Every structure is written in C-alpha cells, then in structure tokens.
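For reference, the structure is listed below as structure tokens.
The values are calculated or read from the model by the stated rules, or taken from the named source; none is laboratory data. The model shown is predicted, which means the values in this text are computed figures rather than measured ones. Cβ sites come from the backbone with ideal geometry, for glycine too, and all protein chains shown count toward neighbours.
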Amino acid sequence: MPPPLFCKPLPGMLDYEILFLLIDKDLNGTIAFRSLSLSNDMDTLHDWVNQPYTRRYWQLNENKESLISTYRTVLDNPLAHSFIGLFNNNIVCQIDCYNVAADELKDHVEVTPGNCGLHILMLPPRKSQKGLTESMLKAFIKFYFSFSAAEILFGEPDARNSAANLAAKRSGFSYQRTITLSYKTANLYAITKTQFHEANPII
C-alpha cells in the first residue's frame, strides 16, 4: 500500500479550517483552500455538475445522494482528497488531488508518493470572471509545492475541452502527450517542483 497522500489534512481537522491562503494581485482578491464539507458544499456542487457546461466533460450528473457517496469515497481514501477553493470567501471551485497510484493515470506516468494528479471543477462561467480558473490553478500549484514531498503535479483535461486545456497551459503546466483513459481521451500536462521554483523564485 502506498503511503498516504502527503497534502491530505490530518484526521480531526475541521472541514472549514483554511489550509492555504494567498493574495492574488492579478484579481485583487484573496484565494484560500479548505477541505470539502459533505454537509455544507454538496448543494453547490450538485448544482454545478448538473449544468450543461459540466455534463459534456464530467460523469457526475447524478442525484445528490450518489454525488455525496462519490465525494465521501474520495475523502475516506488515504491516497486522495477533495478541496474547496474560495475567492474572497466565496466557493468558486472544487479540486480533487490524488496520488497517481490511486488512479488509472498510473498506467501513463511514473508512480511515486510525490507524484499526484488533480481534477478541477469550476463554478458556472456566467458567475466567473476572466482569469479566475488560471488564478485558482496557480494558487493550488503553490499550495501543492509548499509540501516538501511534492515532486510532480499532473493534469489530464478532456482533449475536447479547449478552455480547460488553455487554463492548464496558462497556469504553468506543460503539455506532455495525449492519453486514452477509460472514460475520456485526455491531454496530459505536468509541472515539476523545479519548473515551479524557476517560475516562482524566492526573492
């Protein structure tokens, strides 16, 4: 069994506790991440996954009880975790981070405890603002690499999802290749710790 996901909050932490916070100068606002709350966040997420902008690329347009079960499985998995992204204290995204050993991505990349993948679910486009997706991704990448064990972070958006692919590139990920997963054809992206630190030098 691989070691637990290094960025998973310790047992006993409250799901409303802020895990990471920064000021985004581009959007002139505050970005923060906390754990997903099954009791407080599911109405919002259920609304998002049942809208047209998500149905084409996500397989989560299900009833609320099934969705809760899906996220409970992630939260209970020692190799994965679900985070909520906040902008100015408002929920704007949900991110799953997982050790590649816990996903079929393991058949396409090197499996080590420091190599993880992510999935990001954004709020409806009509409620968003220009650059928000990239800012949330950049902030999560910074959060991820704040852990000494972090080595590589992968993204694998649907190859047809032009907006997600553009956001990956703009947030610092480098395109690797196109891969075939059981539920989609995806473009594989990666950012290494070295690439992150070169793009974000400590002054």
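Selection of segment 27-54 for residues being touching a helix residue (DSSP H, G or I) at 6+ places or on another chain (Cβ under 8 Å) and not polar (S, T, N, Q) yields Leu27, Ile31, Phe33, Leu36, Leu38, Met42, Asp43, Leu45, His46, Trp48, Val49, Tyr53. For His119, which of the numbered conditions (1) touching a strand residue (DSSP E or B) at 6+ places or on another chain (Cβ under 7 Å); (2) within 22 Å of Arg160 (Cβ to Cβ); (3) assigned to a loop (DSSP other than H, G, I, E, B) fails to hold? Condition not satisfied by His119: (3). For Ala167, the conditions (1) surrounded by 16 or more Cβ atoms within 10 Å (Cβ to Cβ); (2) over 14 Å from Leu118 (Cβ atoms) all hold with the exception of (2). Among the residues of this structure, Val92 does not count as one that is over 22 Å from Pro2 (Cβ atoms), of a type outside the set (Ser, Thr, Tyr), at pLDDT below 95 and in contact with a Leu (Cβ under 6 Å, 6 or more places away or on another chain).
If only residues of segment 149-163 that are outside any loop (DSSP other than H, G, I, E, B) and among the small types (Gly, Ala, Ser) are counted, the one that is nearest to the chain's Cα centre (by Cα) is Gly155. The lone criterion from (1) outside any strand (DSSP E or B); (2) in contact (Cβ under 8 Å) with a residue 24 or more places away in the chain; (3) not β-branched (Val, Ile, Thr) left unmet by Lys106 is number (2). In segment 100-113, is there at least one residue being within 20 Å of Leu19 (Cα to Cα) and either aliphatic (A, V, I, L, M) or surrounded by 15 or more Cβ atoms within 10 Å (Cβ to Cβ) (or both)? Checked segment 100-113: no residue is within 20 Å of Leu19 (Cα to Cα) and either aliphatic (A, V, I, L, M) or surrounded by 15 or more Cβ atoms within 10 Å (Cβ to Cβ) (or both). Among the residues making up segment 88-101, those that are under 15 Å from the mean Cα position of the chain (by Cα) and either over 23 Å from Ala32 (Cβ atoms) or not hydroxyl-bearing (Ser, Thr, Tyr) (or both) are Ile91, Val92, Cys93, Gln94, Ile95, Asp96, Cys97, Asn99, Val100. The residues of segment 137-148 that are part of a helix (DSSP H, G or I), out of contact with any helix residue (DSSP H, G or I) (no Cβ under 8 Å at 6 or more places or on another chain) and not basic (Lys, Arg), listed by number, are Ala139, Phe140, Phe143, Tyr144.
Conditions tested, residue by residue: (1) under 22 Å from Thr133 (Cα atoms); (2) not in a strand (DSSP E or B).
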site: Met1; (1), (2): no, yes
site: Ile23; (1), (2): yes, no
site: Phe33; (1), (2): yes, no
site: Thr44; (1), (2): yes, yes
site: Glu65; (1), (2): no, yes
site: Ser69; (1), (2): no, yes
site: Pro78; (1), (2): no, yes
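Of all residue pairs spaced 6 or more apart or on separate chains, those with beta-carbon atoms under 9 Å, a first member in segment 122-136 that is assigned to a loop (DSSP other than H, G, I, E, B) and a second member that is of a type in the set (Ser, Thr, Tyr) are Leu123/Thr44; Pro124/Tyr53; Pro124/Thr54.
Just wondering, is there one or more residues in segment 67-76 that are over 22 Å from Gly155 (Cβ atoms) and free of Cβ contacts under 8 Å to residues at least 12 places away in the same chain? Taking every residue of segment 67-76 in turn, at least one turns out to be over 22 Å from Gly155 (Cβ atoms) and free of Cβ contacts under 8 Å to residues at least 12 places away in the same chain.
Of all the numbered requirements in (1) within 16 Å of the chain's Cα centre (by Cα); (2) over 15 Å from Leu188 (Cα atoms); (3) modelled with pLDDT under 95, Pro125 misses one, and that requirement is (1). Which ones in segment 174-203 are among the aromatic types (Phe, Trp, Tyr) and closer than 19 Å to Val111 by Cβ? Tyr189, the sole residue that qualifies.
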